[in-house]
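*Asks:* Handing you this structure, nothing more for now.
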Amino acid sequence: MFDLVADVERYPEFLPLCEALTVRSRKERDGRTLLIADMTVGYKAIRETFTSQVLLKPDDLAIEVKYIDGPFRYLDNRWTFKPEGEGSAIHFFIDYEFRSRILGGLMGSMFDRAFRMFAEAFEKRADAVYGRSEATS
């Protein structure tokens, strides 16, 4: 599951609302990969692009995302993966706030629903890639 989530360039293929994702830079050091990526999300007539720093830590089975630029005041996102039985226990944390109250009002509740839809999309992607869902939580 770590590899599936770490493959950020494929997000537009299966994540709802993710219209585009471009990796601006990729640096590898000490078994870790640091990406700078732009992700465009859209809902109806609203489109927003934001830039994040993504640190892939395969030895720790962890992914840390730090917000750089875009419509948020802040965005903190972390994934941790723990082998469990034949699959993985996945812990996902996200905390964010929009810069604009208006944009937050328009997109805030939609983003909350979107993150639940993202979890389901990752489970379906695991089914498609691995032939069964590796996710157990």
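*Asks:* By how many nm would the segment from residue 61 to residue 82 lengthen if fully extended, with 0.36 nm per residue of separation less the alpha-carbon distance?
*Replies:* Taking 0.36 nm per residue and subtracting the Cα distance, the gain is 6.8 nm.
*Asks:* Also, quick follow-up: Around residue 33, under 13 Å between beta carbons, what's the net of Lys plus Arg minus Asp minus Glu among the other residues?
*Replies:* -3
*Asks:* Helix 101-130 versus the longest principal axis of the chain: what is the Cα-based angle in degrees, 0 to 90, to the nearest 10?
*Replies:* That works out to roughly 20 degrees.
*Asks:* Mind giving me the FRET efficiency for residue 32 and residue 102? R0 is 35 Å, r the Cβ-Cβ distance, nearest 0.05 is fine.
*Replies:* The formula returns an efficiency of 0.40 here.
*Asks:* Also, quick follow-up: Could you tell me the distance between the Cα centroids of the range 63-92 and the range 15-58, to the nearest Å?
*Replies:* A separation of 12 Å, based on Cα centres.
*Asks:* Less than 17 Å apart at the alpha-carbon level, and either on another chain or at least 8 residues along: which lysines does that give for residue 27?
*Replies:* 57, 66
*Asks:* Here's another thing I want to ask about it. Send over the Kirkwood Rh of the chain, from the inverse of the averaged 1/r over different Cα pairs, rounded to one decimal Å.
*Replies:* 15.6 Å is the Kirkwood radius here.
*Asks:* Moving to a separate point now. How much accessible area per residue does the chain have, counting only protein heavy atoms and a probe of 1.4 Å, in square angstrom?
*Replies:* Details: 8060 Å² over 137 residues.
I get 59 Å² per residue for this part.
*Asks:* Carbon and sulfur atoms: what percent of the 1.4 Å accessible area of the range 1-71 do they account for?
*Replies:* Solvent-exposed carbon and sulfur of the range 1-71 make up 45 percent of the total.
*Asks:* Let me ask you something else. Can you tally the net charge around residue 75? Count Lys and Arg as +1, Asp and Glu as -1, for every other residue whose Cβ sits under 14 Å from the Cβ of residue 75.
*Replies:* -4
The values are calculated or read from the model by the stated rules, or taken from the named source; none is laboratory data. Keep in mind the model is a prediction, meaning the values are calculated, not measured. We place every Cβ from the backbone using ideal geometry, glycine too, and count neighbours over all the protein chains shown. Note: areas computed on protein heavy atoms with side chains; ligands, DNA, RNA excluded. Shrake-Rupley method; radii C 1.70, N 1.55, O 1.52, S 1.80 Å.
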